[in-house]
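Report on the following structure.
The values are calculated or read from the model by the stated rules, or taken from the named source; none is laboratory data. Fair warning: this is a prediction, and the values are worked out from it, not measured in the lab. For neighbour counting, all protein chains shown are included, and Cβ atoms are generated from backbone atoms with ideal geometry for every residue, glycine included.
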Amino acid sequence: MLVSAKEMLTKAKAGKYAVGQFNINNLEWTKAALLTAQECNSPIILGVSEGAGKYMTGFKTVASMVKAMIEELNITVPVALHLDHGTYDGCYKCIEAGFSSIMFDGSHYPIEENIEKTKELVKVCEEKGMSLEAEVGSIGGEEDGVIGKGECADPNECKMISDLGVTMLAAGIGNIHGKYPENWEGLSFETLDAIQQLTGDMPLVLHGGTGIPADMIKKAISLGVAKINVNTECQLAFAEATRKYIEEGKDLSGKGFDPRKLLNPGFEAIKATIKEKMELFGSIGKA
């Protein structure tokens, strides 16, 4: 059964740990994430970008697959299915498809329009018992064609959005999607601290969790971050494990090559990556 992310994130903020959002792209990634969460007794958020949703033939397919896998695998830890960096239209598609959580990325709109669209979605999500993530200050890098420079959010604008009743808030603090460049200046903890002081108990979200040093992750959690997104690291682990398997020539000759064997090294690599992140975030045993 899918749940809203609200309770798990409220507990995480109060307990000074973070829940990981791990993006899924196919059956193997979903299975790896669910089994690892169960083994670690950790709550988990499964993120789905609009591009990944399209790749998997649509949001209804994704929701049906995740719900069925939770049942078939006897998953008992809290699981939220979350739209990642959703457009206004994408949010409504996921609401209709049966997601339990959505993110409306209105950071590219003027703050007034971001507020109006977010306010509308707050009302819909409250009626449906869903959690809603909003964003202020775009996250750097590129994800599904959405490009941001990684500017820092205005704490006062963050308060304006949080006051609308959203469940969680993603605020740009110098973080980026993808790999971090060598000249990256690091996270702006001054900005993060100012945002937390104005937003109080609101769980804060850190996007671009791949490549951020462990000490920065822990400091961010101490300053109110209760949800951390990881995608690129899982992609890299999956690709590297599969590449090595192919280069070693295993099971690539003879009749009837089984693609399940090709995908299994990547599956195991994702499980290991997710477990490592859960340990860093402190969410193991918190289900």
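Just to verify a result, which residue in segment 103-138, among those that are in a strand (DSSP E or B), of a type in the set (A, V, I, L, M, F, W, C) and touching a Phe, Trp or Tyr at 6+ places or on another chain (Cβ under 8 Å), is surrounded by the fewest Cβ atoms within 10 Å (Cβ to Cβ)?
To start, the set of residues in segment 103-138 that are in a strand (DSSP E or B) comprises 103-104, 131-136.
Now narrow it down to the ones that are of a type in the set (A, V, I, L, M, F, W, C): 103-104, 132, 134, 136.
Checking the rest, the ones that are also touching a Phe, Trp or Tyr at 6+ places or on another chain (Cβ under 8 Å) come to 104, 132, 134.
Numbers: Phe104: 25, Leu132: 28, Ala134: 30.
Going through the qualifying residues, I end up with Phe104.
In segment 13-28, how many residues are under 25 Å from Lys219 (Cβ atoms) and either at pLDDT below 95 or surrounded by fewer than 19 Cβ atoms within 10 Å (Cβ to Cβ) (or both)? Steps first, please.
From segment 13-28, those under 25 Å from Lys219 (Cβ atoms) are 13-23; that's our starting set.
Cutting the leftovers down to either at pLDDT below 95 or surrounded by fewer than 19 Cβ atoms within 10 Å (Cβ to Cβ) (or both) gives us 14-16.
Residues meeting the conditions: 3.
Run down Phe99, Phe104, Phe59 and say which single residue is within 18 Å of Gly20 (Cα to Cα), touching a helix residue (DSSP H, G or I) at 6+ places or on another chain (Cβ under 7 Å) and aromatic (Phe, Trp, Tyr). It would help to see each step written out before you state the result.
Working: Phe104 fails: within 18 Å of Gly20 (Cα to Cα); Phe59 fails: within 18 Å of Gly20 (Cα to Cα).
So the residue among Phe99, Phe104, Phe59 that is within 18 Å of Gly20 (Cα to Cα), touching a helix residue (DSSP H, G or I) at 6+ places or on another chain (Cβ under 7 Å) and aromatic (Phe, Trp, Tyr) is Phe99.
Considering every residue within segment 261-283, establish whether at least one is in contact (Cβ under 8 Å) with a residue 24 or more places away in the chain, polar (S, T, N, Q) and more than 19 Å from Asn26 (Cβ to Cβ).
For segment 261-283, residues in contact (Cβ under 8 Å) with a residue 24 or more places away in the chain, polar (S, T, N, Q) and more than 19 Å from Asn26 (Cβ to Cβ): present.
Hey, does segment 115-132 have a residue that's free of Cβ contacts under 8 Å to residues at least 12 places away in the same chain and over 28 Å from Gln196 (Cβ atoms)? Give the derivation first.
Here is the first cut: in segment 115-132, the residues free of Cβ contacts under 8 Å to residues at least 12 places away in the same chain are 116, 120, 123, 127.
Among the residues that remain, those that are also over 28 Å from Gln196 (Cβ atoms) are: 127.
Yes, some residue in segment 115-132 is free of Cβ contacts under 8 Å to residues at least 12 places away in the same chain and over 28 Å from Gln196 (Cβ atoms).
How many residues are surrounded by fewer than 18 Cβ atoms within 10 Å (Cβ to Cβ) and assigned to a helix (DSSP H, G or I) when one looks only at segment 29-64?
Of the residues in that region, 8 qualify.
Within segment 77-102, take every residue that is without any contact (Cβ under 8 Å) to a residue 60 or more places away in the chain and not in a helix (DSSP H, G or I) and give me the one that is surrounded by the fewest Cβ atoms within 10 Å (Cβ to Cβ).
Taking segment 77-102 first, the residues without any contact (Cβ under 8 Å) to a residue 60 or more places away in the chain are 83, 86-97, 102.
Now restrict to residues that are not in a helix (DSSP H, G or I): 83, 86-87, 102.
Details: Leu83: 28, Gly86: 27, Thr87: 17, Ile102: 28.
By that ranking, first place goes to Thr87.
Where in segment 185-287 are there helices (runs of 4 or more DSSP H), lying fully within it, with 1 or more residues that are within 18 Å of Leu46 (Cα to Cα) and either touching a Phe, Trp or Tyr at 6+ places or on another chain (Cβ under 6 Å) or of a type in the set (Val, Ile, Thr) (or both)?
Numbers: elements: 189-199, 214-222, 232-247, 259-281.
Of the helices (runs of 4 or more DSSP H) lying wholly inside segment 185-287, those with at least 1 residues that are within 18 Å of Leu46 (Cα to Cα) and either touching a Phe, Trp or Tyr at 6+ places or on another chain (Cβ under 6 Å) or of a type in the set (Val, Ile, Thr) (or both) span 232-247, 259-281.
Within segment 233-260, can you find the residues that are under 24 Å from Ile24 (Cα atoms) and either modelled with pLDDT of 90 or more or among the aliphatic types (A, V, I, L, M) (or both)?
Here is the first cut: in segment 233-260, the ones under 24 Å from Ile24 (Cα atoms) are 233-246, 258-260.
Correct list: Glu233, Cys234, Gln235, Leu236, Ala237, Phe238, Ala239, Glu240, Ala241, Ile246.
Per-residue answers, yes or no, for (1) among the basic types (Lys, Arg); (2) over 24 Å from Gly178 (Cβ atoms):
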site	(1), (2)
Lys6	yes, yes
Tyr17	no, yes
Thr30	no, no
Ala37	no, yes
Glu50	no, no
Gly53	no, no
Lys60	yes, yes
Ala63	no, yes
Thr76	no, yes
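Which of the residues that make up segment 1-12 are surrounded by 23 or more Cβ atoms within 10 Å (Cβ to Cβ) and part of a helix (DSSP H, G or I)?
Met8, Leu9, Ala12
Within segment 48-73, how many residues are of a type in the set (Val, Ile, Thr), under 16 Å from Lys31 (Cα atoms) and more than 16 Å from the chain's Cα centre (by Cα)?
Here is the first cut: in segment 48-73, the ones of a type in the set (Val, Ile, Thr) are 48, 57, 61-62, 66, 70.
After this cut, where a residue has to be under 16 Å from Lys31 (Cα atoms) as well, the list is 48, 61-62, 66, 70.
Okay, now just the ones that are also more than 16 Å from the chain's Cα centre (by Cα), so 61, 70.
Matching residues across segment 48-73 total 2.
If a residue has to be under 17 Å from Leu236 (Cα atoms) and either aliphatic (A, V, I, L, M) or modelled with pLDDT under 95 (or both) to count, how many in segment 29-47 make the cut?
Number satisfying all stated conditions: 2.
Can you say whether Leu164 is assigned to a loop (DSSP other than H, G, I, E, B) and either modelled with pLDDT of 85 or more or loosely packed, with under 15 Cβ neighbours inside 10 Å (or both), as far as the supplied structure shows?
Yes; evaluated as a whole, the condition is true for this residue.
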